[in-house]
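Here is the structure we will look at.
The values are calculated or read from the model by the stated rules, or taken from the named source; none is laboratory data. Nothing here was measured: the structure is a model prediction, and the numbers come from that model. Positions of Cβ are backbone-derived with ideal geometry, glycine not excepted, and every protein chain shown enters the neighbour counts. Note: accessible area is taken over every heavy atom of the protein model, side chains too, but ligands, DNA and RNA are not part of it. Shrake-Rupley method; radii C 1.70, N 1.55, O 1.52, S 1.80 Å.
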Amino acid sequence: MTLKRIGFLGLFIAVLALVTTIPATAQEPFPIRPIRMVVPYAPGGGVDAAGRALAQELSAHMPHPVVVENVSGAGGVLGSQAVASAPADGHTVLLVSVVVVTSQSMMKNPPFNTSKDLRAVSLVGSSPLVLTVHPSLPATDVKSLVEHAKAHPGSLNYSSAGSGTTPHLAAELLRMQTGIDITHVPYRGSGPAMVDLIAGRIHIAFSSIAAAQPHIASGKLRGLATTGPRRAATMPELPTMIETVPGVEVDLWIAMFVPRATPDAIVTSLNQAVTKALKTEAVQQGFLRSGQETTGSTPQEAQAFINAELEKWSRVTKEARIEAQ
C-alpha cells in the first residue's frame with residue numbers, strides 16, 4: 001500500500017470517527033450534572049421556600065440533584081443577572097418573582113434585559129395581594145372605596161413596603177384605572193407599613209395574604225378584594241379586584257427562566273419535569289405553606305404571560321414616574 005493511500009485511509013478513518021461521535025453527543029441525556037437553581041433572594045422568603053420544595057421533588061426523579069443557591073442583592077437583580085449570563089446548557093436556572101419584570105420597567109440602564117437575555121420555562125406559583133383598609137374607613141367593598149375616594153380627593157393615603165414594590169405598583173394601577181386621588185406613603189419594609197395601617201395612620205394598603213389574613217380575621221383590618229385572576233383559595237369569600245375594576249390584576253407570581261440561548265429540547269425537558277413536580281402533593285403543600293398556589297404552563301404560555309407583564313408594568317411605572325431607588 002502506498003504512502004498516499006495510507007494517508008487517505010487515515011484521513012477517512014479520522015473523519016468517520018468524528019461523524020459517529022456527533023449523534024452520541026447530541027443525544028446525551030439531560031442533565032449530565034447537578035442543576036443550579038438560583039433564587040435571587042435571601043433564604044427564608046416565599047420564593048426560597050417554594051424553590052426548595054420544588055428542588056426536592058425534582059431531585060427525587062432526575063439523574064442529578066437540583067441545588068438551590070441564594071444569590072441575593074438589588075431586589076433580585078443580581079441573581080437574575082447571574083443566570084442571564086450563565087452558560088445556556090440548562091444546568092443553571094432562575095426561580096424568580098414578578099420583580100424580574102417590574103425592576104426592568106423602573107431602571108434606566110438595567111444590567112440585563114428580561115425579554116432578550118432570559119427565556120421562560122414555566123410559570124410555577126401564584127399568590128395575589130389583598131386590598132385592605134382600616135375599619136374606620138366607611139368602605140365595605142371596592143366600589144364604596146372608590147366612591148369615598150372620589151368624594152374626598154386627596155384625603156386618603158396608602159402604604160407600601162417601599163417605592164417600586166409590588167404593593168406600590170398595585171395601588172398606582174388602581175389609581176390609574178379609577179381616577180382616584182390617593183397619596184403614597186412608602187415605608188422601609190412591610191412590617192412598619194402594617195403597624196401603621198392597623199393603628200389607623202394609614203387608610204389603604206395592598207398586602208400579601210399571609211401578612212394580612214390574621215389581622216382581617218381579628219377585625220383589625222377589613223379585606224375588600226384580592227388581586228388575582230380568580231378568587232384566592234385561602235380567601236374565597238373575597239371577590240377579585242377585576243370583578244369591580246377591570247384591569248387591576250396583580251400577582252406575586254413565580255416563574256422559572258433559563259439563559260436565552262438554551263436549546264428547545266432542554267427547555268422542553270425542564271418544563272416537563274417542573275410541571276410534573278408541581279402536580280405532586282408534596283410540592284403543592286410546600287407552596288401553600290409559603291403562601292403560594294402551584295400553577296404550571298407551557299414555555300410558550302409562560303413567555304406570552306411574561307411579555308404581557310412587561311408591557312403592563314412598563315406602562316404603569318412610566319405614567320406614575322416611578323424609578324428604581
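Just one of (1) over 27 Å from the mean Cα position of the chain (by Cα); (2) charged (D, E, K, R); (3) assigned to a helix (DSSP H, G or I) fails for Lys116. It is (1).
Just name the residue that is modelled with the highest pLDDT out of those in the range 76-109 that are in a strand (DSSP E or B) and open to solvent by 10 Å² or more (accessible area, probe 1.4 Å). Among those residues, the one meeting the criterion is Thr92. Looking only at residues in the range 248-272 that are modelled with pLDDT of 95 or more and part of a loop (DSSP other than H, G, I, E, B), the one that is most open to solvent (accessible area, probe 1.4 Å) is Arg260.
For the range 124-135, a residue qualifies if it is open to solvent by less than 40 Å² (accessible area, probe 1.4 Å) and either among the acidic types (Asp, Glu) or over 23 Å from the mean Cα position of the chain (by Cα) (or both), and the qualifying residues are Val133, His134. Output the residues belonging to the range 313-325 that are open to solvent by 20 Å² or more (accessible area, probe 1.4 Å) and in contact (Cβ under 8 Å) with a residue 12 or more places away in the chain. Correct list: Ser314, Lys318, Glu319, Ala320, Glu323, Ala324, Gln325. Of all residues in the range 271-282, those that are in contact (Cβ under 8 Å) with a residue 40 or more places away in the chain and either over 17 Å from Ala50 (Cα atoms) or under 17 Å from the mean Cα position of the chain (by Cα) (or both) total 4.
Listed by first and then second residue, the pairs linking a residue in the range 295-311 that is over 14 Å from Asp251 (Cβ atoms) and assigned to a helix (DSSP H, G or I) to a residue that is open to solvent by 30 Å² or more (accessible area, probe 1.4 Å) and charged (D, E, K, R), with Cβ atoms under 6 Å apart and 6 or more places separating them unless they lie on different chains, form an empty list.
Pairing residues of the range 102-117 that are closer than 27 Å to Pro263 by Cα with residues that are not in a helix (DSSP H, G or I), at Cβ distances under 6 Å and at least 6 apart in sequence or on separate chains, gives Gln104/Pro110; Asp117/Arg260. In the range 43-75, which residues are part of a loop (DSSP other than H, G, I, E, B), out of contact with any helix residue (DSSP H, G or I) (no Cβ under 8 Å at 6 or more places or on another chain) and on the phi < 0 side of the Ramachandran plot? Scanning the range 43-75 gives Pro43, Gly45, Pro63, His64.
Looking across Arg315, Arg231, Arg321, Arg260, one residue alone is in contact with a helix residue (DSSP H, G or I) (Cβ under 8 Å, 6 or more places away or on another chain) and among the charged types (D, E, K, R). It is Arg260.
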